[in-house]
Every structure is written in C-alpha cells, then in structure tokens.
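K.L.:
Once you've had a glance at the structure underneath, I'll fire off some questions.
The values are calculated or read from the model by the stated rules, or taken from the named source; none is laboratory data. Bear in mind that the values here come from a model prediction, so they are computed numbers and not experimental data. Positions of Cβ are backbone-derived with ideal geometry, glycine not excepted, and every protein chain shown enters the neighbour counts.
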Amino acid sequence: MKTSKNLILSALLVLITTVCSLSVVYAGQYAESGVEMSLRQVSEHVFYVRGASGVATDNEGFISNATAIITDEGIVVVDALGTPSLAVLFLEKIRAISDLPVVMVIVTHYHADHIYGLQVFKEQGAKIIAPAGFLDYLDAPIAAERLEERQFTLDPWVNEDTYLVEPDEVIDQNTRFTFGDIDLELNYLGQAHSDGDLSVLVKPDQVLISGDLIFEGRVPFTGNADTAHWLALLKSLDNTKLLALVPGHGPVGDDPNAAIELTSRYLQVVRAVMKEAVDEFIDFDEAFAAADWSEFKSLPAFEAAHRGNAYGIYLSIEKESLAE
C-alpha cells in the first residue's frame with residue numbers, strides 16, 4: 001500500500017512540477033494578457049471564447065473567437081486567436097476543465113487575428129491543420145507587413161518573438177475523421193472570406209464552427225474576399241439539423257438561420273449597390289455617398305470597416321464584369 005501511495009504522490013509531484021514549469025516558461029516568454037476571457041460551453045463537447053466586437057487591435061487583439069472540442073483522447077482547438085499571449089490565456093481556461101493535451105489545431109483561415117497564437121500550441125506538440133490557400137497569404141508581402149505592424153500596434157503581446165506557423169496538414173477537399181469519441185467534418189470552402197476557408201462540424205453535437213464565413217452582431221471584414229462565392233456558400237448551408245453555430249466573430253447562434261442572416265444581408269446589400277454603380281459607370285465615391293447604409297450604421301466596426309469593404313467589393317465586381 002505504501003508503495004502504491006508513494007507512486008501516486010510521485011506522479012502528482014511530477015504533474016505539479018510540469019505545470020509550474022510551463023507557467024514559469026510562459027511567464028517569461030509571453031507578456032501576460034489583461035483581457036477578460038470566459039470559456040463558455042456551447043454543447044456537451046464544445047466550448048468557446050468570444051472576442052470583443054472591435055477592430056483588429058482593440059482589446060489586446062482579442063476580437064475573434066476560438067473553440068475547444070473536448071474528446072476522450074485529447075483536445076481539438078479551432079483557431080488560435082490574435083496573439084500568443086491570448087493563446088496562453090485560452091489554454092489556461094481550457095486547463096480549468098481538462099488536463100488532456102491539445103493534440104491538434106484546425107485553422108479556419110489564415111488571417112492575423114486567428115493565427116498568431118498558433119506557435120503556443122505548436123510548441124506543445126499540437127498538429128496544425130489548415131485549408132488550401134493559406135500560402136496565398138503566407139507567401140504574400142501582406143503576411144510579413146501585417147506581422148511587423150502588429151509588433152508595433154499590439155506590443156508587447158505581439159513582438160519580435162512572434163512568428164508565422166505553417167500547417168502540418170493541408171485540407172483541399174471535404175474531410176471526415178473520428179478523433180477519440182467525436183466525429184468531425186471539415187468542409188473545404190475554397191476562396192470566400194479569405195484565400196482559403198474551412199468550417200468544422202462537430203457531428204454528435206450538431207454544432208458548426210464557421211470561421212469568418214459568419215460574423216454575428218457586427219459588420220464583417222471583407223478585404224479581398226470573393227463575396228459572390230461567399231454568398232453562395234451562405235445560401236447553401238444546411239441549417240436544418242444544426243443546434244448551434246459558433247461564428248468567427250460574435251456570440252454563438254442558437255438559431256443558426258438568424259446567425260447567418262446578418263452576414264448574408266450585409267453582403268447582398270453592399271454587392272447590389274456596388275454592382276449598380278459598376279454597371280452604370282458611376283464613380284465609387286459618388287455611389288458610396290449616395291447609398292443608404294442606415295441599416296448597418298449602428299453595428300460594431302461599421303465606421304472602421306464599411307467603406308473599405310465597399311471599395312473592395314466595388315473593385316471585385318469590376319473584375320467580375322470584365323470576366324463575363
């Protein structure tokens with residue numbers, strides 16, 4: 001009996017020492033985050049943290065969502081937040097409900113607010129999975145330029161030790177697999193919100209983790225998006241069996257149809273205004289000033305994102321018209 005007790009005590013001591021050691025390493029390696037972050041339960045296996053409804057550098061960069069799927073063989077994380085410090089805090093929240101390792105991180109798309117925390121999970125041995133198209137971001141000048149900008153605007157949470165992480169596995173088609181006791185469906189969406197997007201369906205819970213295909217409760221960021229394809233994907237979503245939807249930004253949608261409606265409506269309206277302008281050879285500034293945007297003015301991020309969105313959509317519709 002003594003031997004058994006000694007073994008248990010030794011194992012506990014090793015565990016405590018390991019946890020303490022990791023805390024010390026993180027304390028020295030990453031600046032401590034001061035944001036409020038709550039891990040919220042969505043379903044039996046799905047938990048998420050919700051970023052603020054701001055622009056990229058608000059709230060220490062905590063403006064996007066990240067999700068943890070708890071299986072009996074380990075934890076699957078979806079998206080890694082906008083700084084390593086936020087990823088460390090997210091990991092601490094996960095540790096409050098499970099001591100299982102994070103074995104993989106699925107990235108819905110390669111944008112800065114979803115990927116700068118990847119290094120924290122990669123350094124712990126997690127496998128990184130991402131959609132095809134990620135290299136269109138990582139190989140472009142914007143990736144290095146954005147990191148350099150965030151090392152200034154989000155210092156000290158993004159700094160000279162923050163680096164871009166490439167995936168270990170690339171998804172270029174719809175993929176189903178079982179991990180532990182959970183069936184997962186990775187839906188490859190192609191170029192929609194970004195150069196390559198995917199969503200994750202947690203089958204037993206019927207919870208869809210949509211990435212930035214859905215922005216709930218705020219104006220979406222469209223950047224260089226293919227908004228025609230984006231809209232088509234939103235229309236094709238089968239919501240009949242979903243119990244909840246975790247968007248890339250904003251609160252969980254218990255009513256998936258309502259969660260999809262805002263993003264879809266915004267894209268439809270902006271595209272309609274800009275298409276009419278292009279078809280009638282109206283200058284962007286004139287078309288933008290004449291349009292009625294009152295439906296969206298009260299939404300978070302409207303002032304910061306809307307004009308840039310509209311201009312990007314105007315340019316993309318010009319390209320679409322030339323290709324016809």
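K.L.:
Which one of these is modelled with pLDDT of 95 or more and touching a helix residue (DSSP H, G or I) at 6+ places or on another chain (Cβ under 7 Å): THR108, THR175?
P.N.:
When all the criteria are applied, what remains is THR108.
K.L.:
From the list ALA228, ALA258, exactly one residue is small (Gly, Ala, Ser), surrounded by fewer than 24 Cβ atoms within 10 Å (Cβ to Cβ), assigned by TED's automatic domain parsing to the domain that holds ILE128 and touching a Ser or Thr at 6+ places or on another chain (Cβ under 9 Å). Which is it? Step through it out loud before you land on a result.
P.N.:
Values: ALA258 fails: touching a Ser or Thr at 6+ places or on another chain (Cβ under 9 Å).
Residue meeting the stated conditions: ALA228.
K.L.:
When residues of segment 276-314 are filtered for being in a helix (DSSP H, G or I) and surrounded by 13 or more Cβ atoms within 10 Å (Cβ to Cβ), how many remain?
P.N.:
17
K.L.:
Please return the ranges of helices (runs of 4 or more DSSP H) entirely within segment 99-140 where 2 or more residues are closer than 23 Å to GLN29 by Cβ.
P.N.:
By residue number, 112-115, 118-122.
K.L.:
Out of segment 231-286, which residues are within 30 Å of ALA80 (Cα to Cα) and aromatic (Phe, Trp, Tyr)?
P.N.:
Of everything in segment 231-286, just one residue is within 30 Å of ALA80 (Cα to Cα) and aromatic (Phe, Trp, Tyr), namely TYR266.
K.L.:
Now a separate question. Restricting to segment 221-275, give me the number of residues that are assigned to a loop (DSSP other than H, G, I, E, B), out of contact with any Gly (no Cβ under 7 Å at 6 or more places or on another chain) and in contact (Cβ under 8 Å) with a residue 60 or more places away in the chain.
P.N.:
Residues that pass the stated criteria total 5.
K.L.:
How many of the residues in segment 106-128 are in contact (Cβ under 8 Å) with a residue 12 or more places away in the chain and more than 13 Å from the chain's Cα centre (by Cα)?
P.N.:
Total satisfying the criteria: 9.
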